[in-house]
Amino acid sequence: MREKASSENLEEYVRTIAADFVPRDFEHEDNLRRTAEYIRLHLAGRGRAVVRDQPFEARGATYRNVCGLIGPEGRGRVVVGAHYDAAGPYPGADDNASGVAGLLELARIFGADPPEIAVELVAYCLEEPPFFYSHQMGSYVHASSLRRDGIEVKSMISLEMIGYFRDEPGSQRFPLSVLRPFYPSEGNFIAVVGKLFDRRLARRIRNAMRGASPLAVYSLNAPSIVPGVALSDHLSYWRNRYPAVMITDTAMFRNPHYHLPSDTPDTLDYRRMAMVVDGVAAAIRTLAR
């Protein structure tokens, strides 16, 4: 029996990050440092990860990614990442304490039941504006270091807002009206978003996730100019010529609390978030084969 994600653990992580470490924007370096220490502690303490910091400079200050490596070296690796900074002075529970919580729960799962391939779990700093799309994004720093060192990456998976679900008809919106016939009008699914011509990877991950839980999983491959498709850390890996996808609850197309003070832990569905994490764990094991 495979180890399963715990909704209680996920809620604990989100509530700590979104309550004790606020604000987490780039101007609050001390809170970002404290968040990084919390992530480091849990990556190392609840799994078998070999943990390191990856410091980098931006606007005259030092920030850091926290990286944990689990599993056997030598056959390339899968990178799973989530950013721990937040937009403005807000709690950022879904954006993106939820993604970080998923990262920490994956560390626990793979600590108990190691994958057949090296998995690097990375918590990034500086995803939010004014750094988005710049070389000072933590994910760009990490992706470019892998490229510079000649590391083979089977896939990168970005966990970007994975905790907000709604069952009401009309709770799901879309960046383009042409998408509406192909996806539910209820915001009760998780999406795997990939590049236009990389359907095989997105569908492979989608199918593995579908087999891991009852949660509905849909995939979308579209040009990066489609609103929302490139709005996370997977973009940095595309720019460094690595295959990558984003796992998302679709952010502003579903969650009315996006980048607002109301993005709090009480708005999230931890039961379905655990299903997302189980799906990602299954997808990683599939990629290892």
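Please treat every number below as a calculation from the coordinates, not as lab data. Quick caveat, the model's predicted, so the values are computed rather than measured. Because the Cβ atoms are built from the backbone with ideal geometry, glycine has one as well, and the counts that use them run over all protein chains shown.
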- Note on the structure: In region 11-42, residues that are over 20 Å from ILE70 (Cα atoms), under 17 Å from the mean Cα position of the chain (by Cα) and aliphatic (A, V, I, L, M) total 3
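Residues checked against (1) without any contact (Cβ under 8 Å) to a residue 12 or more places away in the chain; (2) within 22 Å of PRO91 (Cβ to Cβ):
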{"site": "PHE174", "(1), (2)": "no, no"}
{"site": "PRO181", "(1), (2)": "yes, no"}
{"site": "PRO223", "(1), (2)": "no, no"}
{"site": "ALA230", "(1), (2)": "yes, no"}
{"site": "ILE247", "(1), (2)": "no, yes"}
- Only residues in region 257-272 that are at positive phi count as the first member; pair them with residues that are in a helix (DSSP H, G or I) and buried (at least 16 other Cβ atoms within 10 Å of the Cβ), Cβ under 8 angstrom, at least 6 apart or cross-chain, and list the lot. HIS259/ASP95; HIS259/MET252
- Which numbered condition trips up SER134, out of (1) of a type in the set (S, T, N, Q); (2) over 23 Å from ASN255 (Cβ atoms); (3) in contact (Cβ under 8 Å) with a residue 24 or more places away in the chain? (3)
- Out of the residues in region 120-175 that are buried (at least 16 other Cβ atoms within 10 Å of the Cβ) and among the β-branched types (Val, Ile, Thr), state the one that is farthest from ARG108 (Cα to Cα). VAL141
- Go through region 81-105 and give me each residue that's closer than 12 Å to ASP25 by Cβ, hydroxyl-bearing (Ser, Thr, Tyr) and crowded, with 24+ Cβ neighbours inside 10 Å. TYR84
- Query: Tally time: how many residues in region 78-93 are within 13 Å of the chain's Cα centre (by Cα) and not aliphatic (A, V, I, L, M)?
  - Reply: 4
- Query: What single numbered condition from (1) in contact with an Asp or Glu (Cβ under 8 Å, 6 or more places away or on another chain); (2) over 24 Å from ALA101 (Cα atoms) fails to hold for LEU231?
  - Reply: (2)
- Query: So which residues in region 185-198 are in contact with a Ser or Thr (Cβ under 9 Å, 6 or more places away or on another chain) and either surrounded by 14 or more Cβ atoms within 10 Å (Cβ to Cβ) or among the aliphatic types (A, V, I, L, M) (or both), if there are any at all?
  - Reply: GLU186, GLY187, ASN188, PHE189, ILE190, ALA191, VAL192, VAL193, GLY194, LYS195, LEU196
- Note on the structure: Only one of ALA107, ALA44 is closer than 26 Å to ILE151 by Cβ and touching a Leu at 6+ places or on another chain (Cβ under 6 Å), namely ALA107
- Could you tell me whether region 203-211 includes any residue that is assigned to a loop (DSSP other than H, G, I, E, B), in contact (Cβ under 8 Å) with a residue 40 or more places away in the chain and crowded, with 16+ Cβ neighbours inside 10 Å? no
- Message: When you scan region 42-61, do you find a residue that is part of a helix (DSSP H, G or I), crowded, with 22+ Cβ neighbours inside 10 Å and not aromatic (Phe, Trp, Tyr), even just one?
- Response: yes
- Message: Going through GLY111, GLY45, GLY60 one at a time, which residue ends up being over 14 Å from the mean Cα position of the chain (by Cα), among the small types (Gly, Ala, Ser) and at positive phi?
- Response: GLY60
- Query: Can you pull out the residues in region 143-184 that are touching a Gly at 6+ places or on another chain (Cβ under 8 Å) and not in a loop (DSSP other than H, G, I, E, B)?
  - Reply: VAL153, LYS154, MET156, ILE157, SER158, LEU159, GLU160
